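Taking it in order: structure first as structure tokens, then the write-up.
Readers should treat all values here as calculations from the given coordinates under stated rules, not as data from a laboratory. In this text the structure is predicted, and so the values were computed from the model without any measurement. Positions of Cβ are generated from backbone atoms using ideal geometry, with glycine treated the same way; all protein chains shown enter the neighbour counts.
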Ligand code: AVJ
Ligand code: FE
């Protein structure tokens, strides 16, 4: 039990170090809004502290509210992101003081709590997992905000393995049932439960995410100008917004560059494409004679172990994602080159399924059969329906604590500021 508590304490410290590193900047950068799509950075910072107060201190431990008067400011449902600059949110010094005060009490709660008790919030440290994953997700959002701001500063240049490991273009996943989702991973979200048998026909899925070189071939083949490849909504979006390339790409007389955290550099042809919308991913797949994988196809190819007949936590098994297995945890501020992680392959031989880029799937975000919201409807359930597409796998900016083969992310099909790419699939010929 103390092992779990120590692990929780370590993870709490690590994620807070991360949030503080991302907000170690002048007040102007933190309080200004850099895009109507995003909150001011200091809003995210105090929001994660407020969430921690709500869930660990008040809900799980029954502690009297510390600052109930600020709850409304940090309620994501009360004020849409575009309107958050006008909120009377805490200024940076006060925000840091507030979240530090909350955190001190959270560590006291951790010391005393019975993680084997009857409360489902306490069991296996669920509520701590909830706030750790929540903060990591906001940290990734903060990185997207920083990228949109165009400000230099937060580029990390950690070394990633070289790409180029060979292999087939596609891997085959034979027909048959697999268990989708989980009943057993203790920190899994409600939307990953319950585990459900899903019987899929056989299919092929790309071994690797689609790279910049392949994506550029689509562009040069007139992919953005040919409505045959686009859904009607996608075509309308492309026309209205005048989209001709991934977000952050610019071209000067033939060579494509990208702006990455304030640096302009040639688009690296061997990296997975990122900053494309679902509409672009879907159009590319049709141009390539393929389609996007369904969410079930994606998860089976990533996590199912056909021999053991169970899901793995990561594509390669249960081992933590070391530097030779996946590009997670913001080691460097970009995806790794294609073929950089042969040791991280799934049972079916698919590579780079976790880390590098989130991957669009063809599926809308719905609850699995038997879904029950826990611990609150506003995490998942209110987003179910035909508005959000599911993203899988996690990007270079995602932390291993918030990545697993069953983890589900979702966003509007027009969104491109997130660290998102895709891979293609196709049905077996019959
Ligand atoms: C799961 C990434 C879509 O950022 O809106 C953060 C995560 N939920 N605070 C989001 C989340 C509440 C969520 N995503
Ligand atoms: Fe949140």
>> I need to check one value: relative contact order of the range 2-149, counting alpha carbon pairs closer than 8 Å and at least 6 residues apart, in percent.
In response: 36 percent
> What number in nm² do you get for the range 202-345 if you take the convex hull of its Cα atoms and divide its surface by four?
Replying inline: 10.3 nm²
> Between the range 40-105 and the range 250-324, what is the C-alpha centre distance in whole Å?
Replying inline: 34 Å
> Going out from 0 in 10 Å bins, what whole percent of all Cα-Cα distances in the range 154-252 drops into each bin?
Replying inline: 11, 21, 26, 35, 7, 0
> How far is helix 92-112 tilted off the main Cα axis of the chain, in degrees rounded to 10, range 0 to 90?
Replying inline: 80 degrees
>> Connecting C-alpha atoms closer than 10 Å in a GNM of the chain, tell me which of 332, 95, 25 has the biggest fluctuation.
In response: 25
> What order, most packed first, do the peptides 354-360, 201-207 have when packing is the mean number of other Cβ atoms within 10 Å of each residue?
Replying inline: 354-360, 201-207
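Taking neighbour counts of Cβ atoms within 10 Å as a proxy for exposure, in what order, fewest first, do 423, 286 appear?
Working: 423 29, 286 18.
Ascending Cβ contact count within 10 Å gives the list 286, 423.
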> Out of 168, 293, 375, any idea which swings most in a Gaussian network model of the chain, alpha carbons joined below 10 Å?
Replying inline: 168
> Separation between the residue 21 and residue 107 pseudo-spin-labels, each 7 Å from Cα along Cα→Cβ, expressed in nm?
Replying inline: 1.9 nm
> For the range 101-222, what's the radius of gyration and Dmax over Cα atoms, in angstrom?
Replying inline: 21.8, 63
> With no solvent and one point per C-alpha, what does the Debye sum give as log10 I(q)/I(0) for the range 292-430 at q = 0.20 Å⁻¹?
Replying inline: -1.27
> With axes computed from alpha carbons, what is the tilt in degrees of helix 278-287 against the longest principal axis of the chain, rounded to the nearest 10 within 0 to 90?
Replying inline: 20 degrees
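Suppose a student asked you for the relative contact order of the chain, using Cα pairs under 8 Å spaced at least 6 residues apart; what percent would you report? List each step's numbers first, then the result.
Working: 813 pairs, mean separation 78.0, N = 430.
The normalised contact order for the chain reaches 18 percent.
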> When the helix-only estimate is applied to the chain (DSSP H runs of n ≥ 4, each -39,500 (n - 2.57), divided by the residue count), what is the mean residue ellipticity at 222 nm, nearest 500 deg cm²/dmol?
Replying inline: -9000 deg cm²/dmol
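To one decimal place, what Kirkwood hydrodynamic radius in Å is obtained for the range 5-102 from all pairs of distinct Cα atoms?
Details: mean 1/r = 0.0709 Å⁻¹.
Kirkwood hydrodynamic radius for the range 5-102: 14.1 Å.
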> For the range 131-198, with equal point scatterers placed on the C-alpha atoms only and solvent neglected, what are the log10 I(q)/I(0) values from the Debye formula at q = 0.14, 0.18, 0.27 1/Å, to two decimals?
Replying inline: -0.91, -0.97, -1.12
> Between the helical axis of 2-22 and the dominant principal axis of the chain, each derived from Cα atoms, what acute angle in degrees is found, rounded to the nearest 10?
Replying inline: 70 degrees
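Rounded to whole Å and ordered largest first, report the semi-axes of the equivalent ellipsoid of the chain derived from its Cα gyration tensor (root of 5λ).
On the way: eigenvalues 232, 146, 78 Å².
Its equivalent ellipsoid spans semi-axes of 34, 27, 20 Å.
With a cut-off of 8 Å between alpha carbons and a minimum separation of six or more residues, what is the relative contact order of the range 132-286 in percent? Numbers along the way, then the final one.
Details: 162 pairs, mean separation 39.3, N = 155.
With pairs under 8 Å counted, the relative contact order is 25 percent.
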> In whole angstrom, how far apart do the alpha carbon centroids of the range 340-408 and the range 178-195 sit?
Replying inline: 11 Å
> What share of Cα pairs, in percent, lie more than 14 angstrom apart in the range 82-159?
Replying inline: 77 percent
